[in-house]
Amino acid sequence: MIRSGIGYDVHRLVEGRKLILGGVDIPHVTGLQGHSDADVLCHAIADALLGAAGEPDIGHFFPPSDESIRGISSLEILRRVASILRRKGAVIHNIDATLVAERPKILPHVPQMKSNIAAALGIEQGQTGIKATTNEKMGFPGRQEGMCAMAVACLDLP
C-alpha cells in the first residue's frame, strides 16, 4: 500500500546555538533552540515518515523530557525513524521538504543536506527533495525569530 505523510516543525532562533539544517552546520549569527540539535528540516521529515507509517509523532519517540537524548543529532533521529519503518516492512519512495527562513541562503548546502538525509534513511539522494523559501519578511520567519520546515513522505507499507 502506498502511503503518504506530512510533517511540520518550527524552532526559535537564538544566540549561542549552532544552526544545523539537514545535518549541516551552517555558519550563521543565530541557531535553533531545542532539546536536540533543533534541525527543523530533519524533524519535519521524521514526522512525515512517521505519519505515513501510521506511527505517533516525533515527540512520542524523542520527548523533550528525556534527558538521555539532550543534544541528539537529528540525523540520528532519522536513523532511528528509518529503523522503525524497516521493522514495519516499509520502503521509502521519496521525501520532499521545504525550509522557510529569510536567512541564511541554503542553496550551497543542499547537496550535503541531501547526502546526509539520504544516508541516515538508507535511501538514494535522488529520493530526496530539499527546497527553501523566504516568508517575504512576514510573520515569525520573516522577522527572523525562527524557522520552520514542511515535508511530505511517500512510502510503501505492506
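The values are calculated or read from the model by the stated rules, or taken from the named source; none is laboratory data. Owing to the predicted nature of the structure, the values given are computational and were not obtained by experimental measurement. Cβ coordinates were reconstructed from backbone atoms using ideal geometry, including for glycine residues, and neighbour counts include every protein chain displayed.
Select, from G7, G31, the only residue that is touching a Gly at 6+ places or on another chain (Cβ under 9 Å), closer than 21 Å to V152 by Cα and modelled with pLDDT of 95 or more. Break it down into steps so the answer makes sense when it comes.
Numbers: G31 fails: closer than 21 Å to V152 by Cα.
None of the other options fit; the residue is G7.
Taking the numbered list (1) touching a strand residue (DSSP E or B) at 6+ places or on another chain (Cβ under 7 Å); (2) at pLDDT below 95 in turn, M138 passes all entries but (1). Taking region 26-95 and the helices (runs of 4 or more DSSP H) fully enclosed by it, the elements with 2 or more residues that are in contact (Cβ under 8 Å) with a residue 40 or more places away in the chain are at 40-52, 74-87.
Picking from residues in region 24-57 that are among the hydrophobic types (A, V, I, L, M, F, W, C), within 13 Å of the chain's Cα centre (by Cα) and surrounded by fewer than 24 Cβ atoms within 10 Å (Cβ to Cβ), the one that is nearest to A151 (Cα to Cα) is L50. Considering region 113-136 alone, what residues qualify as being closer than 18 Å to S73 by Cβ and within 14 Å of the chain's Cα centre (by Cα)? Within region 113-136, M113, K114, S115, N116, I117, A118, A119, A120, L121, T128, I130 meet the criteria.
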